[in-house]
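Values in this text are rule-based calculations from the coordinates and carry no lab data. Only a predicted model underlies this, so the values are computations on that prediction, with no experimental measurement involved. Cβ placement follows ideal geometry from the backbone for every residue including glycine, while neighbour counts extend to all protein chains displayed.
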Amino acid sequence: MKTYSAKTYLAFIFSCALLVPLFVYYVSVKGTSMTKTQAVQENSQAAAEQNAATKLDSFIAGKAFRQKKDNFDSMETMVARGKNYLLTQVKNRLNQLEPFKTRVNNTTTLSDSERKGLVSELNAEIAMFEAFKSEINKSATKQDIQNVADKIKAEWIKSRLSVARAEKQIVAVKENQLMSDADATSSNIQKRIEELRASGKNTKSHEKLLSAYGTKMAAAKQDMDSAKAKLAAVASAATENEKQKLMKEKSLLLMSASDSMKDAYMMVKDEARREFSQRFK
């Protein structure tokens, strides 16, 4: 009986570790002693960064010639302005795709084949935007600029679809992992309750933990489902502002899910620590 008890208790403690990969993926943790205020500040900063990045996530080819200063601009001046505009937009897109590729590459819950497939697709997009630099620099007329601008716009749209598909795949994989880990942790808590009952001990704190843990994980799943719905709606959004709004809402929902998972993880950890300390009093 003692052997069984030790094994079950160790399983209960080990369940604390099950949520760590998900937790680390969604929020940057400076330490387990991080306060709720710090978490809110970090989430606000992440939201601001996401919002700033989203504002750059658009391309309008016609803007290449909209900055005309007066009616006496030479063709050479207009072409130079158009080239600078296109080079800036290409740089913006590369600055978005490179970090996203790194994020995909670091998503360990994806299978090797899934990760390699997504990274390969993103590498192809990055190579295309890198190639545009040379084509832009070779442009000598307004028509040259317009032609390459049209190509960039088409590739921009294609790359946005690639990123959206990758986002959906990552969220779906994370949700599956979340449910699997949540079920395993709940099972370990339930086993601990049954063991305590069998030995005639009070199970009230563990039953309360099981209920609270289930509530938090259900909230996390609901937010993740809503985030997936926001992502799905981006493709059919009528305006750029609507797309930006949906992406911002998606990010906030994922941060909310991460908060719920963090709270659930900390509850299990605190209970394990409390029980461990009592056993050695």
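For residue 136, the conditions (1) without any contact (Cβ under 8 Å) to a residue 60 or more places away in the chain; (2) surrounded by fewer than 13 Cβ atoms within 10 Å (Cβ to Cβ) all hold with the exception of (2). Among the residues that make up the range 181-192, is at least one of them in contact with a His (Cβ under 9 Å, 6 or more places away or on another chain) and farther than 28 Å from residue 253 by Cα? So far as the range 181-192 goes, yes, one or more of its residues are in contact with a His (Cβ under 9 Å, 6 or more places away or on another chain) and farther than 28 Å from residue 253 by Cα.
Which numbered condition trips up residue 163, out of (1) more than 13 Å from the chain's Cα centre (by Cα); (2) surrounded by 14 or more Cβ atoms within 10 Å (Cβ to Cβ); (3) of a type in the set (A, V, I, L, M, F, W, C); (4) under 30 Å from residue 81 (Cα atoms)? Here residue 163 meets the rest and fails (1).
Residues in the range 101-125 that are buried (at least 16 other Cβ atoms within 10 Å of the Cβ), in contact with a helix residue (DSSP H, G or I) (Cβ under 6 Å, 6 or more places away or on another chain) and assigned to a helix (DSSP H, G or I): 7 in all.
Close Cβ contacts (under 9 Å, 6 or more residues apart or on different chains) running from residues in the range 151-175 that are farther than 19 Å from residue 103 by Cβ to residues that are of a type in the set (Val, Ile, Thr) comprise 152/90; 152/136; 153/60.
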